[in-house]
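One structure is given below, encoded as structure tokens.
The values are calculated or read from the model by the stated rules, or taken from the named source; none is laboratory data. On a predicted model such as this, the values are computed, not experimentally measured, just so you know. Note that we place each Cβ from the backbone using ideal geometry, even for glycine, and neighbour counts take in every protein chain shown.
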Amino acid sequence: MLGPHRVGDDLKIRVFQPDAEKIDIVLNRPSTGPVAVERIHRDGFFCATVPGATRDLDYRLRLTTRDGSEQLARDPYQYGPIMGEVDLHLFAEGQHWKLYEKFGAHLRTIGDEAGVYFAVWAPNAQRVSVVGDFNGWDGRVNPMRRLLGSGVWELFLPGIKEGVHYKFE
């Protein structure tokens with residue numbers, strides 16, 4: 001639901017940031033100005049349309065909070081699934097001997113962004129979020145993506161540093 005999604009010929013980018021007053025999409029294209037993001041729900045749900053863009057669009061979110069401060073950040077939902085099909089297959093068969101490298105929290109660099117990759121197995125969960133110092137322990141902010149049919153939930157959070165406190169909710 002969150003992040004970039006193709007709708008017809010356009011790309012819709014959906015963002016949930018309850019503390020944001022305003023959000024702009026900053027494209028990594030010379031001579032292109034920011035794309036305004038429309039607040040579509042007062043609780044902090046925003047949506048933008050980028051005409052003709054593809055799913056791999058390189059962008060950042062410029063968040064403006066109620067106190068006027070600005071932050072430029074990567075959208076955690078612009079990264080596709082990270083855990084590979086082989087890992088999921090071996091896990092499902094009970095034959096994966098290095099699960100400690102796949103589940104929990106691990107420092108990773110994806111593209112040019114360093115951050116933390118979170119993964120947990122919660123097969124009966126309706127939703128899973130990662131909460132911590134980085135999001136005010138608010139489970140609404142970083143819901144994880146469920147990898148279909150596996151019970152595995154994952155999310156890469158760029159910009160998160162080693163040593164932050166976190167838990168799965």
Verdict on ALA48 being outside any strand (DSSP E or B), outside the structural domain of LYS161 (by TED's automatic domain parsing) and either more than 22 Å from ARG127 (Cβ to Cβ) or not β-branched (Val, Ile, Thr) (or both): no
Matching residues in segment 59-109 - criterion: being free of Cβ contacts under 8 Å to residues at least 40 places away in the same chain, surrounded by 13 or more Cβ atoms within 10 Å (Cβ to Cβ) and of a type in the set (Asp, Glu): ASP87
Residue pairs meeting the criteria (Cβ under 7 Å; at least 6 apart or on separate chains; first within 21 Å of ASP56 (Cβ to Cβ) and assigned to a loop (DSSP other than H, G, I, E, B), in segment 24-45; second hydroxyl-bearing (Ser, Thr, Tyr) and at pLDDT 90 or above): ASN28/TYR59
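Give segment 123-150 a look and list any residue that's of a type in the set (Gly, Ala, Ser) and either crowded, with 17+ Cβ neighbours inside 10 Å or not in a loop (DSSP other than H, G, I, E, B) (or both), or say none. If you could, list the steps in order and put the result at the bottom.
From segment 123-150, those of a type in the set (Gly, Ala, Ser) are 125, 129, 132, 136, 139, 149-150; that's our starting set.
SER129, GLY132, SER150 - these are the residues of segment 123-150 that are of a type in the set (Gly, Ala, Ser) and either crowded, with 17+ Cβ neighbours inside 10 Å or not in a loop (DSSP other than H, G, I, E, B) (or both).
Can you go through VAL37, VAL120 and tell me which one is more than 20 Å from PHE156 (Cβ to Cβ), surrounded by 13 or more Cβ atoms within 10 Å (Cβ to Cβ) and touching a Phe, Trp or Tyr at 6+ places or on another chain (Cβ under 6 Å)? Before you say what the answer is, go through the steps one by one.
Values: VAL120 fails: more than 20 Å from PHE156 (Cβ to Cβ).
Selected residue: VAL37, the only one of VAL37, VAL120 that is more than 20 Å from PHE156 (Cβ to Cβ), surrounded by 13 or more Cβ atoms within 10 Å (Cβ to Cβ) and touching a Phe, Trp or Tyr at 6+ places or on another chain (Cβ under 6 Å).
For segment 9-25, give me each residue that is within 17 Å of THR65 (Cα to Cα) and surrounded by fewer than 17 Cβ atoms within 10 Å (Cβ to Cβ).
First, the residues of segment 9-25 that are within 17 Å of THR65 (Cα to Cα): 15-25.
Matches in segment 9-25: PRO18, ASP19, GLU21, LYS22.
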